Amino acid sequence: MISSSNLPPAANRGASQPRPIRTRMAPSPTGTYHVGNLATLLKNYAWAKHHGGRFILRLEDTDQRREVAGAAEQIMEVIRLYGLDWDEGPDKGGPYQPYRQSERLEIYRGYVDQLIDQGHAYYCFATSQELAEMRQDQQRRGLPPRYDGRYRDLPLAEARARVADGQPYVVRLKVPLDQRIAFTDLVRGKIEVSSADIDDQVILKSDGFPTYHLASVVDDHLMDISHVLRGEEWISSTPKHVVLYRALGWQPPVYAHLPVFLNPDGKGKMSKRNGQVSAQGFLDQGYLPEAMLNFLMILGWAHPEETEVLSLAEYVRCFDPADVSAKSVVFDLGKLNWLNGIYIRRLSADQLLERLRPFVPGDAPQDKLSDYLELVKDRLVKLNDFEALTAFWYRPVRHQADQLLKKSSAEQVVSQLKTTSQGLAAVTPANWHAEQIETVVRKLQLNNHWSKRQYFMLVRYAVTGQTATPPLFETMAVLGKSETLARLNQAQQVV
Ligand code: GLU
């Protein structure tokens with residue numbers, strides 16, 4: 001038997017030894033990493049750690065046509081940005097290496113030969129044109145598309161002669177004609193299909209690469225994977241895998257197929273068209289990785305005490321895939337925003353400032369950042385809100401006449417603005433702080449019998465160009481005396 005490892009695979013180990021828990025995530029480097037994959041990874045990670053087992057990262061790069069350069073490195077990087085890591089993997093190695101399928105072609109080849117020799121697989125020489133015609137014919141007759149088995153019974157000697165002759169071929173699994181194929185899914189219970197409904201899958205492609213089905217079965221077995229937790233989009237593949245396990249004489253792992261996420265509006269499977277789906281994209285928007293992980297933990301799973309704010313350690317302690325809901329779950333952005341706010345407010349001012357660095361625009365004055373933060377941190381939902389919440393302090397403001405006037409006359413507004421700027425001009429720079437500013441402004445309002453509502457809103461808008469801001473006097477203090485006066489004067493020119 002060919003083995004990639006120097007440790008014995010499960011089948012060779014003594015029956016008395018308890019099986020160590022080993023889970024895996026097996027991304028294909030075909031694009032950006034989807035947040036649904038991250039959620040699946042988190043569950044695999046937690047289940048391994050729950051048992052003191054190992055979590056493995058395997059790269060499934062057998063589809064050469066769909067491979068995207070650099071995707072593997074990006075996937076590994078984003079997983080680590082979320083604070084997760086693997087015990088064995090392509091960059092770290094491990095006792096079952098290599099962990100990159102393109103480096104394991106010899107191993108798959110050995111099992112393909114074994115399956116052919118034992119009559120569980122066969123060479124197929126159908127050309128792509130032949131297959132296209134077959135499909136068209138089935139379509140015309142209203143039949144589901146499937147391989148018609150035309151090379152299934154070709155004598156092996158004849159097939160080998162054709163191979164020796166250089167004819168292109170693939171290898172297909174000879175799915176038994178009439179068997180019940182059953183497996184137990186931790187989330188969905190017993191699942192049973194008839195082998196008659198399973199196509200003779202290609203297991204080795206004409207380029208000499210295995211298909212996903214073969215490579216993942218061989219590797220899950222050789223890498224001693226005990227549990228496969230994966231998205232429900234793979235559930236139709238699992239009976240094929242079970243057939244392969246039987247043909248190879250191996251015991252399948254325990255399966256759990258996890259529900260897909262629905263778009264935030266509850267309609268349809270979460271997709272790019274409806275917003276952010278990439279794991280990196282959420283970080284780029286300023287979701288904290290720990291808030292995202294917490295959100296993914298409670299999406300379709302509940303803590304025994306219904307606690308919603310959970311650490312990774314607590315999740316690892318309580319998680320059990322059998323408790324995952326089988327129902328599709330809405331990717332509730334409201335809840336994610338709520339959690340992100342909680343995690344943002346748990347950070348100290350220094351920690352938050354550190355996290356904010358990548359989101360601070362180049363024109364924001366560095367020495368004012370902590371003052372800004374102090375005033376806006378309660379309104380920060382995502383870190384990238386920082387710019388929109390603070391820009392009025394360091395970028396020119398533009399006033400709209402109607403916002404300044406509201407129901408007042410131009411004369412009144414100009415007089416209010418002028419009086420205010422004169423009053424504030426008398427404050428010495430050393431006294432330019434919120435309390436002193438407030439004393440001056442309140443006194444003006446009282447002495448002139450101005451409507452408090454109208455006047456304070458006018459000052460707020462004149463000074464910031466906005467109607468909703470952090471507390472007015474603190475905001476003016478941080479803005480500084482000369483800029484405050486300049487804006488009060490600028491507003492007078494507009495009405
Ligand atoms: N390579 C597959 C993927 O891209 C792995 C599926 C599985 O977990 O078996 O997700």
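The values are calculated or read from the model by the stated rules, or taken from the named source; none is laboratory data. Predicted, not measured: the structure shown is a model, and the values here were computed from it. Neighbour counts run over all protein chains shown; Cβ positions are idealised from the backbone, glycine included. For accessibility, only protein heavy atoms count, side chains too; no ligands or nucleic acids. Shrake-Rupley method; radii C 1.70, N 1.55, O 1.52, S 1.80 Å.
Look at (1) of a type in the set (Gly, Ala, Ser); (2) more than 16 Å from the ligand (Cβ to nearest atom); (3) not in a helix (DSSP H, G or I) and you find that ALA247 fails only one, number (3). The single residue among SER236, SER206 that is within 24 Å of the chain's Cα centre (by Cα), in a loop (DSSP other than H, G, I, E, B) and of a type in the set (Ser, Thr, Tyr) turns out to be SER236.
Take the conditions away from the ligand (no atom under 14 Å from the Cβ) and open to solvent by 10 Å² or more (accessible area, probe 1.4 Å) and apply them to HIS34. Does it pass? No: the conditions fail for HIS34. Close Cβ contacts (under 8 Å, 6 or more residues apart or on different chains) running from residues in region 381-393 that are in contact (Cβ under 8 Å) with a residue 40 or more places away in the chain to residues that are outside any helix (DSSP H, G or I) and open to solvent by 20 Å² or more (accessible area, probe 1.4 Å) comprise LYS382/GLN285; LEU383/GLN285; ASN384/GLN285; PHE386/VAL360; PHE392/GLY465; PHE392/GLN466; PHE392/THR469. Of the residues making up region 433-483, just one is more than 22 Å from ASP385 (Cα to Cα), of a type in the set (Ser, Thr, Tyr) and crowded, with 19+ Cβ neighbours inside 10 Å, namely TYR455. Taking the stated definitions as given, is VAL171 touching a residue at least 60 places away in the same chain (Cβ under 8 Å) and more than 22 Å from HIS257 (Cβ to Cβ)? So VAL171 fails the test.
Does any residue of region 74-93 turn out to be within 17 Å of the chain's Cα centre (by Cα), without any contact (Cβ under 8 Å) to a residue 60 or more places away in the chain, open to solvent by 10 Å² or more (accessible area, probe 1.4 Å) and within 16 Å of the ligand (Cβ to nearest atom)? Yes, because at least one residue in region 74-93 is within 17 Å of the chain's Cα centre (by Cα), without any contact (Cβ under 8 Å) to a residue 60 or more places away in the chain, open to solvent by 10 Å² or more (accessible area, probe 1.4 Å) and within 16 Å of the ligand (Cβ to nearest atom).
The rows are residues; the columns are (1) under 14 Å from the mean Cα position of the chain (by Cα); (2) open to solvent by less than 10 Å² (accessible area, probe 1.4 Å); (3) not small (Gly, Ala, Ser).
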position	(1), (2), (3)
MET270	yes, no, yes
ASN274	no, no, yes
GLN280	yes, no, yes
ASP284	yes, no, yes
GLU290	yes, no, yes
MET297	yes, yes, yes
GLY300	no, no, no
GLU308	no, no, yes
ALA313	no, no, no
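Condition first: part of a loop (DSSP other than H, G, I, E, B), touching a helix residue (DSSP H, G or I) at 6+ places or on another chain (Cβ under 6 Å) and open to solvent by less than 20 Å² (accessible area, probe 1.4 Å). Can you find one or more residues in region 17-26 that meet it? Spell out how you get there, then give the answer.
Here is the first cut: in region 17-26, the residues part of a loop (DSSP other than H, G, I, E, B) are 17-21, 26.
Of the ones still in play, those that are also touching a helix residue (DSSP H, G or I) at 6+ places or on another chain (Cβ under 6 Å) are 21.
Adding the requirement that they be open to solvent by less than 20 Å² (accessible area, probe 1.4 Å) leaves none.
For region 17-26, residues part of a loop (DSSP other than H, G, I, E, B), touching a helix residue (DSSP H, G or I) at 6+ places or on another chain (Cβ under 6 Å) and open to solvent by less than 20 Å² (accessible area, probe 1.4 Å): absent.
The residue that is least open to solvent (accessible area, probe 1.4 Å), counting only those in region 124-157 that are among the polar types (S, T, N, Q) and either in a helix (DSSP H, G or I) or touching a Lys or Arg at 6+ places or on another chain (Cβ under 6 Å) (or both), is GLN138. Residues of region 203-218 that are in contact (Cβ under 8 Å) with a residue 60 or more places away in the chain, open to solvent by 10 Å² or more (accessible area, probe 1.4 Å) and within 12 Å of the ligand (Cβ to nearest atom): THR211, TYR212.
Restricting the search to helices (runs of 4 or more DSSP H) fully inside region 398-475 and requiring at least 1 residues that are under 47 Å from the mean Cα position of the chain (by Cα) and among the hydroxyl-bearing types (Ser, Thr, Tyr) gives 452-464. Scan region 234-244 for residues that are in contact with a helix residue (DSSP H, G or I) (Cβ under 8 Å, 6 or more places away or on another chain), closer than 22 Å to ARG100 by Cβ and within 12 Å of the ligand (Cβ to nearest atom) and the total you get is 2. Among residues of region 219-233 being part of a loop (DSSP other than H, G, I, E, B) and either small (Gly, Ala, Ser) or more than 13 Å from the ligand (Cβ to nearest atom) (or both), the one that is surrounded by the fewest Cβ atoms within 10 Å (Cβ to Cβ) is SER226. Only residues that are without any contact (Cβ under 8 Å) to a residue 40 or more places away in the chain, within 18 Å of ASP402 (Cβ to Cβ) and of a type in the set (D, E, K, R) were counted in region 439-495, giving 2. Whether a residue is in contact with a Phe, Trp or Tyr (Cβ under 6 Å, 6 or more places away or on another chain) and either more than 10 Å from the ligand (Cβ to nearest atom) or without any contact (Cβ under 8 Å) to a residue 12 or more places away in the chain (or both) was assessed, and LEU57 passes this test.
Quick check: anything in region 180-202 within 16 Å of the ligand (Cβ to nearest atom), in contact with a helix residue (DSSP H, G or I) (Cβ under 7 Å, 6 or more places away or on another chain) and open to solvent by less than 10 Å² (accessible area, probe 1.4 Å)? Checking region 180-202: not a single residue is within 16 Å of the ligand (Cβ to nearest atom), in contact with a helix residue (DSSP H, G or I) (Cβ under 7 Å, 6 or more places away or on another chain) and open to solvent by less than 10 Å² (accessible area, probe 1.4 Å).
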